[in-house]
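Enquirer: Have a look at this one before I ask anything.
The values are calculated or read from the model by the stated rules, or taken from the named source; none is laboratory data. Because the structure is predicted, anything quoted here is derived from the model rather than measured. Here Cβ is always computed from backbone atoms with ideal geometry, including for glycine, and neighbour counts include all displayed protein chains.
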Amino acid sequence: MRPWMTRTLLAASLAASQAATCLAADSYPSRPIRIIVNTAPGGYTDGMTRLFAQHMGEYLKQSVVVENRAGGDGLIGIRTAKAAQADGYTLLGTTATVAQQMALRQDPGYDVAKDFVAVGALTRSPFLVMESPSKPDRSLVEFMARAKANPGKVLYASAGVGTGSHMAAAQFLRQTGLDLVHVPYKGNAPALPDVTGGRVDMIFTTFDSAGPQAKAGQFRVLAIASNTRHPAFPDVPTIAETGAADYTAYTWVGLLAPAGTPPQALAKLGEALRYTRSLKAVQDRLRQDGTEIMDLTGAQFNEFLMREVAAAQELMTDLGMQKQ
């Protein structure tokens, strides 16, 4: 074959390849997107992911479906998302658990820095300290006094070992010197009936998960882990006000994708996130739920995740917790 013909064919091939790439980028998404949530239905992570999925679907003109994969203290869902094809059609909706399990486990089955790339952050919310109205305590101070008088007998629930609710409670117990028994569940939502029924004494959970029930009298809110009192519960003190100086604890929700996901897909997903954050209906719903928007880009969220991993490792060391 003559050299000029070879060059012509090569150029045509490259042009066709580039056109196909552009076409693929322009057509994304061409089918429904799945978001794996590593907690049970009904909790904060699930609720926020479903809210954002609905409106992201509006922007992308495709269904965005939430699939719950609870269990293994959040690891089942994380590992499932990690193993998915990196094509932009499977995402992970998760919270601080994804950073904390890195610090807690000898082999969590993933490395958040190597196996995932951030799509963006959704929301953050302060933890509420709640118990059943049947309990004798009328304040966090009274609860602490009862716990100190009964070391190793008072129970607290969490969404699972190494999850945000567990670590928030563990940090509080360390700071106050309380000795409580940990009862882990597969998410905060399955734990709440045992708390309201009085079978477990206390839980750290979010407004979105249980705030409406608390307002309806199904739970007693003892304190809030924010910097200042919350408008939804103006009469409820912060934990710092009760004597645990400077204590705050927030949980957050964000979206990750398997490492290697095409940049074009990540960019489109980022656009859908920005659209959702901008909606007044979403902003009003979050304000009503006591939740704040986290306006972080994918790159900013990646940096935030690395800081969360480092903070979790430092906390594990401070708490004297051994890797499992």
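Enquirer: Can you report the number of residues in the stretch 293-324 which are within 30 Å of residue 261 (Cα to Cα) and assigned to a helix (DSSP H, G or I)?
Expert: 16
Enquirer: Exactly one of (1) modelled with pLDDT under 90; (2) surrounded by 15 or more Cβ atoms within 10 Å (Cβ to Cβ); (3) among the aliphatic types (A, V, I, L, M); (4) farther than 16 Å from residue 96 by Cα is unmet by residue 315. Its number?
Expert: (4)
Enquirer: In the stretch 50-73, which residues are modelled with pLDDT of 95 or more and in a helix (DSSP H, G or I)?
Expert: Selection gives 50, 51, 52, 53, 54, 55, 56, 57, 58, 59, 60.
Enquirer: Within the stretch 221-228, identify whether any single residue is part of a loop (DSSP other than H, G, I, E, B), surrounded by 17 or more Cβ atoms within 10 Å (Cβ to Cβ) and outside the structural domain of residue 315 (by TED's automatic domain parsing), and answer yes or no.
Expert: Looking through the stretch 221-228, at least one residue is part of a loop (DSSP other than H, G, I, E, B), surrounded by 17 or more Cβ atoms within 10 Å (Cβ to Cβ) and outside the structural domain of residue 315 (by TED's automatic domain parsing).
Enquirer: Continuing with this model, one more query. When you go through (1) assigned to a loop (DSSP other than H, G, I, E, B); (2) within 20 Å of the chain's Cα centre (by Cα); (3) loosely packed, with under 14 Cβ neighbours inside 10 Å; (4) assigned by TED's automatic domain parsing to the domain that holds residue 84 one by one for residue 290, which number turns out not to apply?
Expert: (3)
Enquirer: For the stretch 77-103, which positions are touching a strand residue (DSSP E or B) at 6+ places or on another chain (Cβ under 6 Å) and among the hydroxyl-bearing types (Ser, Thr, Tyr)?
Expert: 80, 89, 90, 95
Enquirer: With the requirement that a residue be touching a helix residue (DSSP H, G or I) at 6+ places or on another chain (Cβ under 6 Å) and assigned to a loop (DSSP other than H, G, I, E, B), what does the stretch 74-113 give you?
Expert: 88, 95, 96, 108, 109, 110
Enquirer: Check residue 272 against each of (1) at pLDDT below 95; (2) within 28 Å of residue 88 (Cβ to Cβ); (3) surrounded by 14 or more Cβ atoms within 10 Å (Cβ to Cβ); (4) of a type in the set (A, V, I, L, M, F, W, C) and name the one condition it does not meet.
Expert: (1)
Enquirer: Go through the stretch 72-108 and report how many residues are β-branched (Val, Ile, Thr) and surrounded by fewer than 22 Cβ atoms within 10 Å (Cβ to Cβ). Even if it seems obvious, please write down each step before you answer.
Expert: Step one: list which residues in the stretch 72-108 are β-branched (Val, Ile, Thr), which gives 76, 78, 80, 90, 94-95, 97-98.
From what's left, surrounded by fewer than 22 Cβ atoms within 10 Å (Cβ to Cβ): 76, 80, 90.
Residues meeting the conditions: 3.
Enquirer: Here is a follow-up. Residue pairs, Cβ under 7 Å, 6 or more apart or interchain, first in the stretch 167-191 and free of Cβ contacts under 8 Å to residues at least 24 places away in the same chain, second crowded, with 18+ Cβ neighbours inside 10 Å. List them.
Expert: Partner pairs satisfying both residue conditions: 173/180.
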